[in-house]
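Visitor: Dropping a structure here in structure tokens format, bear with me for questions.
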Amino acid sequence: MMRVKKKNLDGASLITPDTVAKEIFARRTETFDEQFAVAKAEVALILELAQQQFDNRVSAREIIHRIAGALHLLRDKLHSSVWAELIPLVQNHPVSHRFLEDPFTRWSFEKPRGYSGDAQLLDFIYGHDSVAELVKKATPLGAALYDYTKDASSSVAVRERRDLLTRFVDEAAARHGDETEILTIASGHLREADASVALKEGRIKRWVALDQDPLSVGSVARDFNGSCIEAIDGSVRDIVLRTQELGTFDLIYAAGLYDYLNDRVAIKLTRRCMEMLKPGGMFLFANFSEDIVVDGYMETFMNWALLLRSKADMWRIVNASADPASIEAEVFFGENHNIVYATMRKKV
């Protein structure tokens with residue numbers, strides 16, 4: 001079932017590099033000019049070495065591994081205001097065109113859907129059939145780079161996240177029975193549903209997949225037509241302002257959204273989700289962690305900025321969103337520590 005109430009993306013909720021940059025890059029300090037001059041020279045050397053390696057036919061894997069590591073280390077040691085000014089320098093360097101031959105990197109940089117982290121981008125990570133033609137059309141260099149980026153630590157973590165979500169869905173159905181109701185916020189293409197045993201066996205009463213991208217809503221409506229899954233066009237703003245009455249749920253999760261929300265909005269959304277939980281129900285949210293090592297590559301060549309969070313950051317959101325005595329909460333890392341998760345179960 002599909003319910004669409006808007007034809008265009010919700011501009012108020014639209015996720016772009018500029019909106020995220022306002023949250024993660026600090027104002028310049030008094031020593032900015034001095035730091036920037038040194039950093040500019042450093043990044044120029046990093047980029048020129050990559051250019052020389054491409055010209056000398058060094059393996060694509062070696063080149064991208066080295067530059068991703070170098071950009072991470074540079075980002076890590078610089079004040080964020082200095083790093084922010086380096087990003088356009090990297091993006092405008094001639095070597096960037098080499099990295100954009102990778103269809104995954106290119107899709108992220110060009111943002112055909114108009115915003116960061118769209119569902120089609122994740123399909124490159126999943127190796128889904130929907131991107132097979134784009135991968136097939138890649139140059140030999142692009143294909144070699146994609147072999148690296150699709151298996152980078154962040155990509156491995158995203159695939160694990162999909163599988164964890166499938167597990168949580170099936171566990172919710174086992175716990176709550178055939179009346180189980182689920183809400184997915186920023187559902188994308190809902191790939192975690194593909195492997196759900198509970199869905200296949202008809203043990204879920206209602207599964208609402210909410211997204212603000214009409215293309216994603218349409219994809220879910222098409223792929224799961226005739227199932228209990230209801231694809232709905234809606235945004236974070238719709239949920240927080242209660243413009244849609246979605247009902248109550250046994251499981252609510254937002255796995256790829258909090259990376260773009262500041263604490264203020266994240267807490268508002270979490271509070272509202274806790275209100276929509278039935279007694280005994282669970283809310284889960286996930287976030288890329290500060291342990292990620294490809295952040296420099298993502299923010300430059302992929303034009304994909306994220307709000308990274310630590311365990312303490314996740315706990316701060318949890319503790320500000322509910323009375324600790326009313327919930328059972330847990331914060332934990334995925335296997336390679338690139339993604340951190342928080343779960344909040346409402347006590348009966």
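Throughout, read-outs are computed from the coordinates displayed, never taken from laboratory work. What you see is a predicted model, and the numbers here were worked out from it, not measured in a lab. Here Cβ is always computed from backbone atoms with ideal geometry, including for glycine, and neighbour counts include all displayed protein chains.
Visitor: In whole Å, what are the extents of region 16-152 along the principal axes defined by its C-alpha atoms, from largest to smallest?
Guide: 51, 37, 21
Visitor: Can you pull out the trypsin sites (Lys or Arg not before Pro) in region 104-153 whose DSSP state is coil and whose Cβ has at most 15 other Cβ atoms within 10 Å?
Guide: Working: sites: Arg106, Arg113, Lys136, Lys137, Lys150; in loops: Arg113, Lys137, Lys150.
Hits after loop and neighbour filter: Lys137.
Visitor: Over 21 Å between C-alpha atoms is what I'm after, so list which of Lys200/Lys278; Lys268/Lys346; Lys77/Lys111; Lys111/Lys150 land there. Kindly include the intermediate steps, with their values, before the conclusion.
Guide: Values: Lys200/Lys278 24 Å; Lys268/Lys346 17 Å; Lys77/Lys111 29 Å; Lys111/Lys150 17 Å.
From the list (Lys200/Lys278; Lys268/Lys346; Lys77/Lys111; Lys111/Lys150), the Cα-Cα distance tops 21 Å for Lys200/Lys278; Lys77/Lys111.
Visitor: Continuing with the same structure: Can you give me the Cα centroid spacing of region 295-348 and region 174-203 in angstrom?
Guide: For region 295-348 versus region 174-203, the Cα centre distance is 22 Å.
Visitor: So between Asp33 and Asp129, what do we pick up on full extension, going 0.36 nm a residue minus the alpha carbon distance?
Guide: Length gained between Asp33 and Asp129: 29.8 nm.
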